[in-house]
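The values are calculated or read from the model by the stated rules, or taken from the named source; none is laboratory data. These numbers were taken from a predicted model, which means no experiment stands behind them. Reconstructed Cβ throughout: ideal geometry from the backbone, glycine too, with neighbour counts over all protein chains shown.
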Amino acid sequence: MSSQFQNNLNKIYGLYAGGFLIFVVLMAILDTAGVSETIISYGFVGFTILIYATIGIISRTTQVSEYYVAGRQVPAVYNGMATGADWMSGASFVAMAGGIFFTGYGYTALLIGWTGGYVLVASLLAPYLRKFGAYTVPDFLGARYGGNTARLLGVIVLVVCSLAYVTSQINATGTIASRAFGVPFEIAVFLGLAGILLCSMLGGMRAVTWTQVAQYIVLIFAYVFPVIWLSLEWGHGPLPQFSYGSLLPEIAKLEAEYGLGTASYEKATSAYKGVKAISNAHWIPGTSGEALWKFATLVFCLMAGTASLPHVLMRFFTTPSVKQARVSVAWSLLFIFLLYFTAPALATFAKFNFLENLVGMEATALEAANWFARWKEVQFVDFKDINTDGLVGMGELMIRADVIVLATPEMAGLPYWVSGLVAAGGLAAALSTADGLLLAIANALSHDLYGKILDPKASTTKRLIVARILLVIVGIFAAWIAAQRLTGILGGVIWAFSFAASGLFVPLVLGVWWKRANKQGAIAGIAAGFISGSFYLYYLKGLDGTPILSLDDLRFGIVGMVVCAITMIAVSLATPEPDQEIQDMIDEIRYPAGETIVDQMNAKNASS
Amino acid sequence: MSNKTNIEAHWKKTSGLLKIVLAFWFFFAYVLHFFVGSLNEISFIGFPLGYYMAAQGSLFAFVVIIYFFAKKQNQIDEEFGLAEIDEE
């Protein structure tokens, strides 16, 4: 089955994309014919989950290398799509445009950080880790820094950052599933988990790869299509990414007219959590030293986090060669770019629609609008007439950031099926990322903790059974945390980047680029970086401390990275250099030719 | 094929490429955005340039940088005979 499938990838996914388009058209026709909105939602969410589950079940496997790294047979372009889906989570799809809508220029740092990080992935890490030939990221740390202490520390950092990330993804699937199926959030969370496990449990990395490709196709279409529609409708042509510029001065004019940023600007506050009024200019940047520093530090945290998040790095273990791993990073970023460079266009359209059409309308007309009633019911929008003039003021209409992506089609008057499509896209984004993260956690626990540390003599069958059991346990644990609703979607994700950057960025990069880095240095560095980063976060959130140098909880990774780098370099230099065997290994990682290091080690162990 | 001086020369050239790549990366990730205020005075396809570079331009630059890197690095590997032998 495998090779036949591999040879026909273009045909299979071409048919799949065509089939999905036909399904969308069918839904559009049903919607126009007056079929109820509930059925349209059920259709979009149910049909796409069914497809993912089918792919997950067809791709089941009992081979270890298929389970961990998809047999290292994923072509660069398809790995790029899978990485795109793996990478773009509920935060990118649902929350990012809304963040830019509210925070304005300051949050374009998210766009730069989450794309520029791939330059670091491509040039500093991915090809070298691929040549090493590990199954997991801690695997590399264990071999490079001589032993199980570094491996174990790697597992701890991996589990913490991935758990922080995955709970917010399960949260996102729960939010969408609860709206689509009309069930309480606490139950919807476990429905979402079932959808995630169906994709990953039987086939591990192989199944996750091929479902992620399918999920990418759904999510990119669902994101870009409504924006292009709006753009055409409002006379900006088919490529909004290049043509919305004329709206910017108009937005600035309206903001000034409504008094944004002046003393007389009145802002209502909502009783609902996370629902707020506009308080920042849309595109005019802050140019104070502090604003520039905050911009740059957020960008760097996100970039370093990108280059150390294990669920992303391990996608590049699946390509057939080192060369393909490099090219694959380029494809990944191209596919990610398609969504990211559309996001500011969407945020700007939504802002213009908000200022031009919603602000100034009769309060009674707003409250009678279909979309307003529907989103108020789930506490995503709110309105208070502070000055009692009977009109909607700019500071009086409050919304939750997530609404920008999910409800802009409705607000702008597009038919309901477009909203159904957007919900399916958001679900694809959250499911695919959750799959990658859960697999990263479960693989590190089964391969590194169980297979290498606790029971190195376990048979491969036993290891795979343990891997699957751990996947289910970790999933249930994460869903349970998500059901407690501790963090929002965007907050949890940005923290994950700082955790990963604090503990992993420096040891991974120095592991390839600095031969002198040794075991003692790495152990001290990972521990010091991760502990200081975590403690600083606790200082900010738990003890309500004042941020030092304006480094707030979105930027705590800077503290961790600096401590990690200083400790690791100082301790490495104070202790003996790594032995000859490790130095030779580093030499070999640095060029593509020859077998992977892990294969060489296995061959040596087998012959001795 | 892989004697020590050859490997060292390959790594020297690889490190050189890394410096170029990181210089471009640093420019588009940081340097440019320090001047957002003045760049916004310039109009680019109807956008204030500083804003456009943060919202879209830099992202595109990153895509180009990685394709460039992948191509150049492969040329270096081949030049020193250290590329993989294609299996297909």
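I need the full set of residues from the stretch B:54-70 which are closer than 18 Å to B:Lys19 by Cβ, more than 7 Å from chain A (Cβ to nearest Cβ) and not aromatic (Phe, Trp, Tyr), in order please. B:Ala61, B:Val64, listed by residue number. Evaluation of A:Val218 against the conditions (1) modelled with pLDDT under 95; (2) assigned to a helix (DSSP H, G or I); (3) under 26 Å from the mean Cα position of the chain (by Cα) shows that the sole unmet condition is (1). Look at (1) basic (Lys, Arg); (2) more than 23 Å from A:Ser162 (Cβ to Cβ); (3) out of contact with any Leu (no Cβ under 9 Å at 6 or more places or on another chain) and you find that A:Lys541 fails only one, number (2). Considering the stretch A:441-487, and only residues there that are more than 16 Å from A:Cys161 (Cβ to Cβ) and of a type in the set (D, E, K, R), the residue that is surrounded by the fewest Cβ atoms within 10 Å (Cβ to Cβ) turns out to be A:Lys457. Reported count of residues in the stretch B:21-51, each being part of a helix (DSSP H, G or I), without any contact (Cβ under 8 Å) to a residue 24 or more places away in the chain and surrounded by fewer than 18 Cβ atoms within 10 Å (Cβ to Cβ), is 9. The set of residues in the stretch B:71-88 being within 7 Å of another protein chain (Cβ to nearest Cβ) and not hydrophobic (A, V, I, L, M, F, W, C) consists of B:Gln73, B:Asn74, B:Asp77, B:Glu84. When you scan the stretch A:503-530, how many residues do you find that are under 17 Å from A:Phe300 (Cα atoms), crowded, with 24+ Cβ neighbours inside 10 Å and among the β-branched types (Val, Ile, Thr)? Qualifying residue count, the stretch A:503-530: 1. Go through the stretch A:513-608 and tell me which helices (runs of 4 or more DSSP H), entirely inside it, have 1 or more residues that are more than 21 Å from A:Gly142 (Cα to Cα). So the answer is A:519-541, A:557-574, A:597-607.
Scanning the stretch A:99-114 for residues that are over 15 Å from the mean Cα position of the chain (by Cα) and more than 7 Å from every other protein chain (Cβ to nearest Cβ) turns up A:Ile100, A:Phe101, A:Phe102, A:Thr103, A:Gly104, A:Gly106, A:Tyr107, A:Ala109. Looking across the stretch A:395-410, the residues that are among the aliphatic types (A, V, I, L, M) and farther than 21 Å from A:Leu30 by Cα come down to A:Leu397, A:Met398, A:Ile399, A:Ala401, A:Val403, A:Ile404, A:Val405.
As for the stretch A:340-357, it holds no residue that is more than 30 Å from A:Thr108 (Cα to Cα) and either β-branched (Val, Ile, Thr) or buried (at least 19 other Cβ atoms within 10 Å of the Cβ) (or both). Per this entry, A:Phe317 is counted among residues that are among the aromatic types (Phe, Trp, Tyr), surrounded by 19 or more Cβ atoms within 10 Å (Cβ to Cβ), more than 14 Å from chain B (Cβ to nearest Cβ) and in contact (Cβ under 8 Å) with a residue 60 or more places away in the chain.
Going residue by residue through the stretch A:507-520, is there one that turns out to be within 23 Å of A:His311 (Cα to Cα), at pLDDT 90 or above and among the aromatic types (Phe, Trp, Tyr)? Reasoning before the result, please.
Pass one, the stretch A:507-520, residues within 23 Å of A:His311 (Cα to Cα): A:507-513.
Subset that is at pLDDT 90 or above: A:507-513.
Pick out the ones that are also among the aromatic types (Phe, Trp, Tyr) and you get A:513.
Checking the stretch A:507-520: at least one residue is within 23 Å of A:His311 (Cα to Cα), at pLDDT 90 or above and among the aromatic types (Phe, Trp, Tyr).
Identify the residue in the stretch A:251-308 that is in a loop (DSSP other than H, G, I, E, B) and of a type in the set (Lys, Arg) and, among all such residues, is nearest to A:Asp553 (Cα to Cα). Talk me through it step by step, then tell me what you get.
Going through the stretch A:251-308, the residues in a loop (DSSP other than H, G, I, E, B) turn out to be A:258-274, A:277-288, A:307-308.
Next cut, of a type in the set (Lys, Arg) only: A:267, A:273.
Numbers: A:Lys267: 25, A:Lys273: 19 Å.
Result: A:Lys273.
Given the conditions (1) aromatic (Phe, Trp, Tyr); (2) crowded, with 24+ Cβ neighbours inside 10 Å; (3) more than 13 Å from the chain's Cα centre (by Cα), and given that A:Phe93 satisfies all but one, which numbered condition is not satisfied? Checking A:Phe93 against (1) aromatic (Phe, Trp, Tyr); (2) crowded, with 24+ Cβ neighbours inside 10 Å; (3) more than 13 Å from the chain's Cα centre (by Cα), the one that fails is (3).
Checking B:Ser58, B:Ser15 one by one, the residue that is assigned to a helix (DSSP H, G or I), surrounded by fewer than 16 Cβ atoms within 10 Å (Cβ to Cβ), of a type in the set (S, T, N, Q) and without any contact (Cβ under 8 Å) to a residue 60 or more places away in the chain is B:Ser15 and no other. The residues in the stretch B:25-42 that are facing chain A (nearest Cβ under 8 Å) and either polar (S, T, N, Q) or under 19 Å from the mean Cα position of the chain (by Cα) (or both) can be counted, and the count is 6. For the stretch A:178-186, the condition holds for at least one residue, the condition being that it is touching a Lys or Arg at 6+ places or on another chain (Cβ under 8 Å) and not hydroxyl-bearing (Ser, Thr, Tyr).
Please enumerate the residues belonging to the stretch A:67-90 that are of a type in the set (Ser, Thr, Tyr) and more than 19 Å from the chain's Cα centre (by Cα).
Applying the first criterion (of a type in the set (Ser, Thr, Tyr)) to the stretch A:67-90 yields A:67-68, A:78, A:83, A:89.
Passing the criteria: A:Tyr67, A:Tyr68.
I want to confirm something. Restricting to the stretch A:581-608 and keeping residues that are within 11 Å of chain B (Cβ to nearest Cβ) and among the charged types (D, E, K, R), which single residue is farthest from A:Leu129 (Cα to Cα)? The selected residue is A:Asp584. Restricting A:Gly142, A:Gly117 to those that are in contact (Cβ under 8 Å) with a residue 12 or more places away in the chain, more than 30 Å from A:Ile251 (Cα to Cα) and either polar (S, T, N, Q) or more than 14 Å from every other protein chain (Cβ to nearest Cβ) (or both) reduces the list to A:Gly142.
The residues of the stretch A:252-275 that are under 30 Å from the mean Cα position of the chain (by Cα) and hydrophobic (A, V, I, L, M, F, W, C), listed by number, are A:Ala271, A:Val275.
Taking A:Tyr68 as the residue in question, decide whether it is among the hydroxyl-bearing types (Ser, Thr, Tyr), in contact with a His (Cβ under 9 Å, 6 or more places away or on another chain) and within 23 Å of A:Phe316 (Cβ to Cβ). Spell out how you get there, then give the answer.
Numbers: among the hydroxyl-bearing types (Ser, Thr, Tyr): yes; in contact with a His (Cβ under 9 Å, 6 or more places away or on another chain): yes; within 23 Å of A:Phe316 (Cβ to Cβ): yes.
For A:Tyr68, the condition - among the hydroxyl-bearing types (Ser, Thr, Tyr), in contact with a His (Cβ under 9 Å, 6 or more places away or on another chain) and within 23 Å of A:Phe316 (Cβ to Cβ) - is met.
Of all the listed residues (A:Glu255, A:Glu266), the sole one being more than 14 Å from chain B (Cβ to nearest Cβ), surrounded by 17 or more Cβ atoms within 10 Å (Cβ to Cβ) and more than 26 Å from A:Leu427 (Cβ to Cβ) is A:Glu255.
Listed by position, the helices (runs of 4 or more DSSP H) inside the stretch A:350-461 whose residues that are within 21 Å of the chain's Cα centre (by Cα) number at least 2 are A:403-411, A:416-443.
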